[in-house]
Amino acid sequence: MASLSLSNLNKIYDNNVQAVFDFNLDVKDGELIVLVGPSGCGKSTTLRMVAGLEDITSGQLIIDGKDVTQMPAKDRDIAMVFQNYALYAHMTVYENMAFSLTLRKEDPNVIHEKVLAAAEILGLTDQLNKKPRQLSGGQRQRVAMGRAIVRKPKVFLFDEPLSNLDAKLRGATRREILLLHKRLGATMLYVTHDQTEALTLADRIVCMSMGYVQQIGTPLELYDTPANVFVASFIGLPPMNMFDGVVEGGQITCQGFAYPLSESERELLREHEGKAVILGVRPENVVPDDEGYLEMDVTLNENLGQNTLVHGNVGGHRTTAKVRDWCSYRKGDRVRFSFNRVHFFDKETTNAIR
Amino acid sequence: MNRDLKLIKKDRLRYTKNKLSSTLAILAIVFDCLYFVSIYSSDVGNYFYNYIIGASVVYNLLFLLCTFLSSEGVKSYKLNYATLLIGVGVMQIVRIFYIPLKAHSELVKVGTENIPAMANGQFTYVVICLCLSAAACIASGAIGIYKSVTLKRYQESLKA
């Protein structure tokens, strides 16, 4: 396995569209990094640049201390797992997994041992004589992973590998990838637009938008201390509630309610007195409180079993509360809430105020 | 060869196809094609226009069919197809003594001259083609039988 260093990577296509701006990342040996962001944010382009499938316009890519920026894809010793599996339909699972090693003209007995070992890890031993069409989506993706494993590459790249699977299978395969990472101790770069995948899999997450890195950090860092409004609203399900307000007289006045600032919050927002800020509150931090300062006009009550999502309007803002009880609110009910934790963002820069 | 390596080789048979036998069978078809193209393009008097050639055409079709099916059969270690290939290979040897040998030893009157129905050069060529075709068939069958039996025994040992 290997470390990976991406320095000032830029990607400009022939039509002058810049997909990636000044991407910097150091991946440690054995680390699982997840690139997350909405469609078109440049995460797949970055991954393809690492794989060698896209030219790097400027910047430097170093794998295990060696500059591979201009090196052809085949020489980089990187394995990539694609969303659509990319298996050879006419070959059996065994042949698919052995194919790359056969091309390298490795000894057939060695290939056999490697394939059996990978199949054992992935629970594919009984499927080795089957063709891909005889397998389920999850099994096919495991074959694609097996094909990567047998090569023992320096770095594994995953490009939205679970997107073609149904929800149940996605969860199961996600756990398998995590177990695989723990077992192999491999350096992995994983691209997804699914924040659940990002939060559950990653050692560190790179959150991207419009080609720019918005924040790099552990899942907890991104969830607990988002760097800006984009990260705050992208990470977390349901997304964070955002209220525009103005800091004045020890409170933040928003449309429909005023949030009273604690002593420490006043200190934090001292320089923003009289200025516009964004108040961010995660749905689980919106708690029912008979004497709460926020009155929600309920529009929808979604019971999820262990908790309830209460959707409503607060002064024209669409607001969601995640209540840890079984609730039976009806449309038109007026319920009082307060916040037990909030985030502050500068309205102008959208950056977090810390 | 150490014991582990032998075991790995046997185990590989469970997941890999018998491509060698299959390729040899296809090679046998190629040599047979070279043979019959040479025979059917011969035009020495009316010698080749008789029922033997008709039978030869039918046999060639059967040969092509059997050998092609066998090439697929041996690929997946089917013992009966391997046996069939050996039979077909023997028949290729037998064929030398029919059209090629008879045509080579028979004289045909063309104009005022008596010439052999099959010249030395062509005779040597078709005999080589048939011999190579036979050798490929027999080798394919023999390898097929060996691998099929080995695989069968190995699978039985795994079950036990």
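The values are calculated or read from the model by the stated rules, or taken from the named source; none is laboratory data. This is a predicted model, so every value here is computed, not measured. Neighbour counts are summed over all protein chains in view; Cβ atoms, including those assigned to glycine, are modelled from backbone coordinates with ideal geometry. Heavy atoms of the whole protein, side chains included, go into the accessibility calculation; ligands, DNA and RNA do not. Shrake-Rupley method; radii C 1.70, N 1.55, O 1.52, S 1.80 Å.
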**Prompt:** Rounded to a whole number, what % of the accessible area of chain A do carbon and sulfur atoms account for, probe 1.4 Å?
**Reply:** 48
**Fill in**
For the range A:216-221, in residue order, the Karplus 3J(HN,Hα) values (coefficients 6.51, -1.76, 1.60; θ = phi - 60°; whole Hz; Gly and Pro = x) are 10, x, 5, x, 5, 4
**Asked** To the nearest 10 square angstrom, how much accessible area does B:Ile8 have with a 1.4 angstrom probe?
**Response** 30
**Item:** Share of alpha-carbon pairs per 10 Å distance bin for the range A:176-279, given as whole %
**Value:** 13, 34, 27, 17, 8, 1
**Prompt:** Tally Lys/Arg at +1 and Asp/Glu at -1 over every other residue whose Cβ is under 14 Å from the Cβ of B:Arg3; what's the total?
**Reply:** +1
**Prompt:** List the chymotrypsin sites (Phe, Trp or Tyr not before Pro) in the range A:266-354 that DSSP assigns to loop (not H, G, I, E or B) and whose Cβ has at most 16 other Cβ atoms within 10 Å. Which are they?
**Reply:** A:Tyr293, A:Trp326
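Suppose R0 equals 22 Å. What FRET efficiency, 1/(1 + (r/R0)^6) with r the Cβ-Cβ distance, do A:Thr125 and B:Glu72 give to the nearest 0.05?
The value I calculate is 0.25.
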**Asked** Which value, in Å² rounded to 10, gives the accessible area of A:Val246 with a 1.4 Å probe and all protein chains present?
**Response** 50
**Message:** Under 10 Å, Cα contacts only: if you run a Gaussian network model on chain A, which one of A:Gly217, A:Gly245, A:Gly332 comes out with the highest mean-square fluctuation?
**Reply:** A:Gly332
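Arrange the residues B:Leu20, A:Leu222, B:Leu61 by how much accessible surface each exposes, largest first, with a 1.4 angstrom probe.
Largest accessible area first, the list is B:Leu61, B:Leu20, A:Leu222.
Report Rg/Rh for the range A:199-344, rounded to two decimals, where Rg is the Cα radius of gyration and Rh the Kirkwood radius.
With Rg and the Kirkwood Rh in hand, the quotient comes to 0.99.
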**Item:** chain B: relative contact order as a whole-number percent, Cα under 8 Å and 6+ apart
**Value:** 36
**Message:** Going Cα to Cα from B:Lys78, which lysines come in below 25 Å? Please leave out same-chain ones fewer than 8 positions away.
**Reply:** A:Lys130, A:Lys131, B:Lys6, B:Lys9, B:Lys10, B:Lys17, B:Lys19, B:Lys147, B:Lys152, B:Lys159
**Prompt:** Rg(Cα) of the protein assembly as shown divided by 2.2 N^0.38 Å?
**Reply:** 1.54
**Prompt:** On a 0 to 90 degree scale, rounded to 10, what angle separates helix A:137-150 from the longest Cα axis of chain A?
**Reply:** 60
**Message:** Can you give me the % of accessible surface on chain B that is carbon or sulfur? Probe 1.4 Å, all protein chains present, nothing else counted.
**Reply:** 67
**Prompt:** Once you list every other residue whose beta carbon is under 14 Å from the beta carbon of B:Leu158, what net charge do they have if Lys and Arg are +1 and Asp and Glu are -1?
**Reply:** +3
**Asked** Hey, what number do you get for chain A at 222 nm if only DSSP H runs of n ≥ 4 count, each worth -39500 (n - 2.57), divided across all residues, to the nearest 500?
**Response** -7500 deg cm²/dmol
**Asked** Where does the longest stretch of chain A lie that holds no GluC sites (Glu not before Pro) found in a DSSP loop with 11 or fewer other Cβ atoms within 10 Å?
**Response** A:1-290
**Prompt:** So what are the radius of gyration and Dmax for the Cα set of the range A:45-84, in Å?
**Reply:** 10.0, 32
**Request:** Compute the relative contact order of chain A as a whole-number percentage, counting only Cα pairs closer than 8 Å that sit 6 or more residues apart in sequence.
**Result:** 16
**Complete:** Taking every C-alpha to C-alpha distance in chain B and binning by 10 Å from 0, the per-bin percentages run 11, 33, 24, 15, 9, 5, 2, 0
**Prompt:** Using a simple spin-label model with points 7 Å from Cα along the Cα→Cβ vector, what separation in nm is obtained for A:Thr57 and A:Leu300?
**Reply:** 3.9
**Asked** Pick from B:Phe123, B:Phe31, B:Phe97: which is most flexible by mean-square fluctuation in a GNM of chain B where alpha carbon atoms under 10 Å apart are linked?
**Response** B:Phe97
**Request:** Quick one: net charge around A:Thr69, please, counting Lys, Arg +1 and Asp, Glu -1 for every other residue with C-beta under 13 Å from its C-beta.
**Result:** -1
**Asked** So how much accessible area does A:Lys130 have, in Å² to the nearest 10, using a 1.4 Å probe?
**Response** 70
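Between chains B and A, what is the buried accessible area in Å², counting both sides, with a 1.4 Å probe and ligands, DNA and RNA left out, to the nearest 100?
For B against A, buried area totals roughly 900 Å².
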**Complete:** Whole-Å distance linking the alpha carbon centroid of the range B:48-69 with that of the range B:102-135 is 18
**Item:** For chain B, calculated [θ]222 nm from helices alone, where every DSSP H run of n ≥ 4 adds -39500 (n - 2.57)
**Value:** -26500 deg cm²/dmol
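Could you please put B:Phe36, B:Phe63 in sequence from largest to smallest accessible area, using a 1.4 Å probe?
B:Phe36, B:Phe63
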**Fill in**
Quick tally, 1.4 Å probe accessible area for A:His317, A:His90, A:His181, sorted with the most first, runs A:His90, A:His317, A:His181
